[in-house]
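**Student:** The structure under discussion is supplied below as structure tokens; questions concerning it will follow.
The values are calculated or read from the model by the stated rules, or taken from the named source; none is laboratory data. All figures in this text were calculated on a predicted structure; none of them were measured in a lab. Using ideal geometry, Cβ is built from the backbone for each residue, glycine included, and neighbour counts are taken over all protein chains shown. Heads up: the accessible areas ignore ligands, DNA and RNA and are worked out on the full protein's heavy atoms, side chains in. Shrake-Rupley method; radii C 1.70, N 1.55, O 1.52, S 1.80 Å.
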Amino acid sequence: MAEDSWKSFFLSVFDYKTEKYVIAQNKKVGILYRVVQLAILGYIVGWVFITKKGYQETEESIQSSVVTKLKGVVLTNTSDSSLHLWGPEDYVIPSRGERVFAVVTNFIETPNQKLTYCAESPRVRDGWCRTNEDCIPDTEVIAGHGIKTGRCLKTGPNTTGTCEIFGWCPIERSRKAEKPLLGKAANFTVYIKNTIRFPKFEFSKSNVLDTEDDSYLKNCSYNKISHPYCPIFRLGDLVHWAGHDFHEMALLGGSIGVLIEWNCDLDKGFSGCDPHYSFIRLDAASVNKTVTSGYNFRYVKYFRDATGAEFRNLTKAYGIRFDIMVNGKAGKFNIIPTIINVGSGLALMGAGAFFCDLVLLYMMKKSTFYRARKFESAKNCKTNGEGVRKEEKSNKCLPERVQLTDLSPES
């Protein structure tokens, strides 16, 4: 008996088992099934393969280099510095052609500062005093301009004064201009050269037109339609495309983001990889005006007079900061993601059939009838000596194994 059992088990390995299908002549479920199939097929073809290019291998680790260069001059005339001609070496900070730079559009200058003694600014709270005891000697003024000397300078006995300090005097001026002194900077141009590389595909490209015409970059200006490969932009246009007015922004400064996006279909070669530009204001003024709105910074220029005394000119500069940001991805046909997405689509087709089964077997009025046709209950039978199995709880017998020859016309 044990030998027969092992032999039966060994032979059963070579049996082929197939599913049993029940044809349910229900038009509602049939229409639902076709609708689900069409929806899944549309998703796979339209979204996965056409829109998302699911047949491609992709790479998002873009390598990028950005070089900037500005051009333009403007003349200013103030009571402190009189006539001054501003060139790129003056208004671009830093001036080394980096991807993040600021363009000075307005400034407040405090000229001829010297290390000496003077009164702290009344705008600095830590510099207020009523007596000399409020000005502890050799302590710095918090958020101030120098070191306290121990003297309280005030106009009357019952008034509040400010501590005397040792620092660069006169202290920084705080007046605000009514209009930007470098408002004509809107006509300055910036050259943004961007070179990208996708190492997986060994693909490189630049946003500059590949031409032998030396005069092209001297005469062109960026236009999305006519000159998409001319990377020369007017500063006024960059701010305008971000949705703001240049002169209003130039008064107190701000921050503009220039996004260069590369979405490359390398199955099309170089023609399928083009830069796309977008512009956005990044500082808080893009939402509402707060104390954090705008952008400013300070810088100084030192010099000595004929006697050798050291002086400096302090400039509080308001400007527009430009951040050049680059991202992108590249895709190229590969059989592996294609097979994976096709397999996922076939699995979704199976999920559609499973959903329709749930509707047919549990949500229809005749669900009990369909369940009876769908599922069969197989009961254990004992084998008699004639190769026939008998059910344990009935006298019904079933053949132990139905061979294909048993179904022949002669049988």
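**Student:** Can you tell me how many residues in the stretch 36-78 are touching a residue at least 40 places away in the same chain (Cβ under 8 Å), hydroxyl-bearing (S, T, Y) and farther than 30 Å from A185 by Cα?
**Tutor:** Count: 4.
**Student:** Since T290 meets every condition but one in (1) under 30 Å from E172 (Cβ atoms); (2) outside any strand (DSSP E or B); (3) at pLDDT 90 or above, which condition does it not meet?
**Tutor:** Going through (1) under 30 Å from E172 (Cβ atoms); (2) outside any strand (DSSP E or B); (3) at pLDDT 90 or above one by one, T290 breaks only (3).
**Student:** Same structure, new question: For L41, indicate whether it is modelled with pLDDT of 90 or more, exposed (fewer than 15 other Cβ atoms within 10 Å of the Cβ) and not assigned by the TED database to the domain that holds C220.
**Tutor:** yes
**Student:** For the stretch 7-83, give me every one of the strands (runs of 3 or more DSSP E) that falls completely inside it and has 1 or more residues that are in contact with a Leu (Cβ under 6 Å, 6 or more places away or on another chain), of a type outside the set (D, E, K, R) and over 30 Å from N194 (Cβ atoms).
**Tutor:** Values: elements: 56-59, 63-71, 74-78.
Fully inside the stretch 7-83 and qualifying: 74-78.
**Student:** Is it the case, given these coordinates, that R304 is farther than 28 Å from S204 by Cα, open to solvent by 70 Å² or more (accessible area, probe 1.4 Å) and not small (G, A, S)? I'd like the intermediate steps shown before the answer.
**Tutor:** Details: farther than 28 Å from S204 by Cα: yes; open to solvent by 70 Å² or more (accessible area, probe 1.4 Å): yes; not small (G, A, S): yes.
Yes; evaluated as a whole, the condition is true for this residue.
**Student:** Right, here's the next one. Keeping to the stretch 217-238, report how many residues are more than 19 Å from V326 (Cβ to Cβ) and either surrounded by 15 or more Cβ atoms within 10 Å (Cβ to Cβ) or free of Cβ contacts under 8 Å to residues at least 24 places away in the same chain (or both).
**Tutor:** Residues flagged as more than 19 Å from V326 (Cβ to Cβ) and either surrounded by 15 or more Cβ atoms within 10 Å (Cβ to Cβ) or free of Cβ contacts under 8 Å to residues at least 24 places away in the same chain (or both) within the stretch 217-238 amount to 12.
**Student:** How many of the residues in the stretch 319-350 are in contact (Cβ under 8 Å) with a residue 40 or more places away in the chain, over 30 Å from L266 (Cα atoms) and either outside the structural domain of P94 (by the TED database) or open to solvent by 20 Å² or more (accessible area, probe 1.4 Å) (or both)?
**Tutor:** 2
**Student:** Those residues that are open to solvent by 40 Å² or more (accessible area, probe 1.4 Å) and in contact with a Ser or Thr (Cβ under 6 Å, 6 or more places away or on another chain), I need them from the stretch 173-216; list them, please.
**Tutor:** R173, L181, T195, R197 - these are the residues of the stretch 173-216 that are open to solvent by 40 Å² or more (accessible area, probe 1.4 Å) and in contact with a Ser or Thr (Cβ under 6 Å, 6 or more places away or on another chain).
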